[in-house]
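Notes to accompany the following structure.
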Amino acid sequence: MSATVSQIDELKTTPWSGGRSPFNVEYGKMMMWFFLLSDAFTFSSLLIAYGALRFSAPTWPSPSLVFQSVPGTSIEHGAPLVFVGLMTFILIMSSVTMVLAVEAGHRNSKKEVIWWMIGTIIGGVMFLSCQALEWNHLHSEGFWWSAIPNKETLQEFFEKGVPFAQQQMTSHQFANLFFTITGFHGFHVFSGVIINIIITINVLLGTYEKRGSYLMIEKVGLYWHFVDLVWVFVFTFFYLV
């Protein structure tokens, strides 16, 4: 007795019939998507907490006053968003080099994959270095976890007329959330740099060339693009709003 396939289960092969199942995805790539989804929930909860405190507070440190210097240079005032704009540009460019590495992997071009991965790693290291400079600058101003500047310095980061008690309360919230969220994101960038270094070493050793596929580059690329996307939201919440 021959087995029969029901009409609904039969694979449709015509141009307008849907074709291959969208769930027929490589296991490792699907697991990466699951991880990124769970990580997105974590970042979302942190940013929602920040937004709830930020918009329920009577006042808040002004981003244009807090982030108006360029750490590592003599520019201490009058350059709001310049330094963080540079950080954002560096991270976006590292995402571009990652795209090019994935594209080169699809063509099995080992040499190009190596160079684009190295470019991505350099971009990640530059971003982390900029973040370290910014953290060091804010720490020198007096901001840290559960720590804020003295009264004279603190008043520089608020509009005139804000009571000092309100400045103290919201500055503590700002400092705790800023270092927690940007630190958590920085940890992801650091992890991505380490993973990219390991993957690049494997490319140099010919691991993926022997497998006949550079799919691993695409998997780590998903993670790197996610880190870049999260930074867009962090940038918006802390530096623009």
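No value in this document is a laboratory result; all are computed from the given coordinates. These numbers were taken from a predicted model, which means no experiment stands behind them. Note that we place each Cβ from the backbone using ideal geometry, even for glycine, and neighbour counts take in every protein chain shown.
Treating only the Cβ atoms of Lys and Arg (+1) and Asp and Glu (-1) as charged, compute the dipole magnitude of the chain about its Cα centre; round to the nearest 20 debye.
520
For helix 27-56, what angle does its Cα long axis make with the longest principal axis of the chain, in degrees from 0 to 90 and rounded to 10?
Helix 27-56 sits roughly 20 degrees off the main axis of the chain.
May I ask you to list the lysines whose Cα is less than 19 Å away from that of LYS110, ignoring any residue fewer than eight positions away on the same chain?
LYS210, LYS219
Could you give the Stokes-Einstein D for the stretch 63-180 in µm² per second, using the C-alpha Kirkwood radius, 20 °C, 1.002 mPa s?
130
So which lysines can LYS151 reach, going by Cα to Cα under 16 Å and dropping same-chain residues fewer than 8 places off?
Qualifying lysines at Cα under 16 Å: LYS160.
Once you sort the root eigenvalues of the Cα gyration tensor of the stretch 84-141 as a ≥ b ≥ c, which label holds: rounded (a/c under 1.5), prolate (a/b larger than b/c) or oblate (the other case)?
Judged from the Cα gyration tensor, the stretch 84-141 comes out prolate (a/c at least 1.5, a/b above b/c).
Which one is right for this structure if mean projected area of the Cα convex hull in nm² is calculated from it: [x] 16.5; [y] 27.5; [z] 19.4?
[z]
What residue among PHE43, PHE127, PHE34 shows peak mean-square fluctuation when the chain is described by a Gaussian network model with Cα springs under 10 Å?
Looking only at PHE43, PHE127, PHE34, the biggest GNM fluctuation is shown by PHE34.
What does the charge add up to near SER191, with Lys and Arg as +1, Asp and Glu as -1, over the other residues with Cβ less than 15 Å from its Cβ?
-1
As a check on your grasp of the helix formula, calculate [θ] at 222 nm for the chain: sum -39500 (n - 2.57) over DSSP H runs of n ≥ 4, divide by the residue count, round to the nearest 500.
About -23500 deg cm²/dmol.
How long are the semi-axes of the equivalent ellipsoid of the stretch 124-241, defined as square roots of 5 times the Cα gyration tensor eigenvalues? Whole Å, largest first.
41, 13, 9
LEU46: net charge of surrounding residues, Cβ under 14 Å, Lys/Arg +1, Asp/Glu -1, itself excluded?
Neighbourhood net charge equals 0.
So what's the angle, to the nearest 10 degrees on a 0 to 90 scale, between helix 110-141 and the longest Cα principal axis of the chain?
Helix 110-141 sits roughly 20 degrees off the main axis of the chain.
Helix 164-205 versus the longest principal axis of the chain: what is the Cα-based angle in degrees, 0 to 90, to the nearest 10?
Helix 164-205 sits at roughly 30 degrees to that axis.
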